[in-house]
Amino acid sequence: MSDSPIDSVKYAAVLKQTRMRRKFFFATILAYIPALLVTHKISPTNKAMGTVFGIWVVILIISTFLVALSKCPRCGNYFHMHGLTLLVLRKCLHCQLHIKHSDL
Ligand SMILES: [Zn+2]
């Protein structure tokens with residue numbers, strides 16, 4: 001499988017977007033504990049904690065979908081999905097295209 005320069009430009013654009021989605025996804029997961037700690041300091045009520053948790057779950061669902069539905073620019077399959085399995089790895093689960101392919 002040889003990659004022409006035109007393909008590399010296309011890969012770079014698509015993979016850049018995929019990397020953004022992954023960052024958003026990981027940032028959402030990492031924000032969970034700090035968000036609850038901050039909320040606890042400001043307003044340590046069950047209602048406030050529940051509201052923040054609810055918002056966090058919604059954001060997590062959105063970011064998970066964005067990551068799951070990212071397509072691989074080379075093989076056209078979902079980059080992080082194999083069947084119903086979601087694996088956020090650094091390579092395409094189908095053709096092994098690396099997430100940083102464009103930086104080579
Ligand atoms: Zn692929």
Q. Using Cα atoms only, what is the angle between the long axis of helix 5-42 and the major principal axis of the chain, expressed in degrees (0 to 90) to the nearest 10?
A. 10 degrees
Q. Can you tell which of 33, 66, 78 lies farthest toward the positive end of the dipole of the chain, using +1 and -1 charges on the Cβ of basic and acidic side chains (Lys, Arg; Asp, Glu)?
A. 33
Q) Over the Cα atoms of the chain, what is the Rg over Rh ratio if Rh follows Kirkwood? A) 1.14
Q: Give, as ranges by residue number, the residues of the stretch 61-104 whose backbone N falls under 15 Å from the point 7 Å along Cα→Cβ of residue 20.
A: 63, 66-67, 70-71
Q.
What is the angle, in °, between the Cα long axis of helix 46-68 and the longest principal axis of the Cα atoms in the chain? Nearest 10 is fine, range 0 to 90.
A. 0 degrees
Q: Work out the count of Lys pairs in the chain where the Cα-Cα distance is under 29 Å, with the pair 8 or more places apart or on different chains.
A: 14
Q.
Binning at 10 angstrom from zero up to the longest distance, how are the C-alpha pair distances of the stretch 1-44 distributed in percent?
A. 24, 26, 21, 15, 10, 4
Q) Using a Förster distance of 30 Å, how high is the FRET efficiency between residue 69 and residue 33, based on the Cβ-Cβ distance and rounded to 0.05? A) 0.65
Q: Quick one: which residues, 5 or more positions from residue 72 or on another chain, have an amide H under 5 Å from its amide H? H modelled 1.01 Å from N in the peptide plane, none for Pro or chain starts.
A: 77, 78, 79
Q: Taking the Cα centre of the chain as origin, sum charge times position over the Cβ atoms of Lys and Arg (+1) and Asp and Glu (-1), and report the length of that vector in debye to the nearest 20.
A: 140 debye
Q) Between the DSSP loop rule and a limit of at most 13 other Cβ atoms within 10 Å, which trypsin sites (Lys or Arg not before Pro) in the chain are left? A) 90, 100
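Each reported figure results from applying straightforward, stated rules to the coordinates on display, with no laboratory input. All values derive from a computational prediction rather than experimental measurement. Because the Cβ atoms are built from the backbone with ideal geometry, glycine has one as well, and the counts that use them run over all protein chains shown.
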